[in-house]
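Peer 1: Dropping the structure in here first, questions after.
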Amino acid sequence: MPEPAGGPGDKVFPPSHSVGRNEKGAGAKYAFETRRRDENDVFCVLMDSVQSQANRTEEELQAFPVGGVDGGSISMRACGHCDCAPPRKTRKTRGPCCKRRRCLQHGWPCGADSGNDALISAFNPGWKNPNLYDDQVRGTASIIAAVKKAGITRVLWVGGAGGLEVKPGVRVVDSPDIPEWVRPGSLATINALEQLQKEPELEWSFLAPSAEMPRGQRTGKFRLGGDQLLTDVNGRSRISVQDFAVAMIDELEKPAHTRQRFTVAY
């Protein structure tokens, strides 16, 4: 079972809403909803929501440079998908560098266990890493091995735009305009997709962002696509970090791209 954010044994307070004095059952009332678990409908107190899950995913993505998602992994736990990333006040001691090192050395950045339903990985060993490609390929293999060992089958991967096609057979990364410092990370992320494609027992989804992914506003309004780079009427390919996070959580809650790469853009 997942532990509270305050640590093992800490109190958990489900969110509640007020009920007016003149209404039946006046006072505080918990929110309930039906969740699907082990192929059965389970009526439970709502401990989390899609919106708050997107908030935390967005925070994890925003914690890293805009030039690319450079993170660890977020482990989504059972019935509520509570992430296991450390609270902000502790990130000085358990930050991205620590996560990257643990992933490469020990095969797991944040402590897997069989109670986890799914994992979202945004692993990148750092854009300034001179061994970026090799370390990312090795880290990807370590994460996949640890996921399988833990018995987790649902894996969502933060991909890159480099592997998307701009025309049949031509990828974004194939353009001579791509900066050389971007190319190793882009190719390593393409390799991550190739590694996932070789894992028939994993129910993975690989979400590739647009060519541009700045911090911006969460609108909840975007388009989804497949293997081709999406552009707007002006030829621009763009999605905010906030809406990328929403698209990722949507896929977690309602899988629609299992064992597929898909992309998101305005």
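Each reported figure results from applying straightforward, stated rules to the coordinates on display, with no laboratory input. The shown structure was predicted, so the numbers you read here are calculated from the model rather than taken from an experiment. In this analysis, Cβ positions are derived from the backbone assuming ideal geometry, glycine residues included, and neighbour counts consider all displayed protein chains.
Peer 1: For F32 and R138, compute 0.36 nm times the residue count separating them, minus their Cα-Cα distance, and round to one decimal in nm. Mind showing how you got there, number by number?
Peer 2: Numbers: separation 106, 0.36 × 106 = 38.16 nm, distance 4.25 nm.
Answer, rounded to one decimal: 33.9 nm.
Peer 1: Just list whichever of K198/K221; K149/K254; K167/K198 have alpha carbons separated by over 29 Å in the model shown.
Peer 2: Numbers: K198/K221 33 Å; K149/K254 25 Å; K167/K198 25 Å.
Among K198/K221; K149/K254; K167/K198, the Cα-Cα distance tops 29 Å for K198/K221.
Peer 1: Still on this structure: Would you mind checking the stretch 140-177 for residues with the amide N under 12 Å from a putative spin-label position 7 Å along Cα→C-beta of E199?
Peer 2: 140-158
Peer 1: So for each of 222-230, 248-256, 154-162 I average, over its residues, the number of other beta carbons within 10 Å; can you give me the resulting order with the highest mean first? Intermediate results must be reported in sequence, preceding the final value.
Peer 2: Values: 222-230: 15.8, 248-256: 17.4, 154-162: 23.6.
Ranked from most to least packed, the peptides come out as 154-162, 248-256, 222-230.
Peer 1: Work out how much length N191 to V42 would gain on full extension: take 0.36 nm times their residue separation and subtract the Cα-Cα distance, in nm to one decimal.
Peer 2: Working: separation 149, 0.36 × 149 = 53.64 nm, distance 3.83 nm.
Separation in residues times 0.36 nm, less the Cα-Cα distance, equals 49.8 nm.
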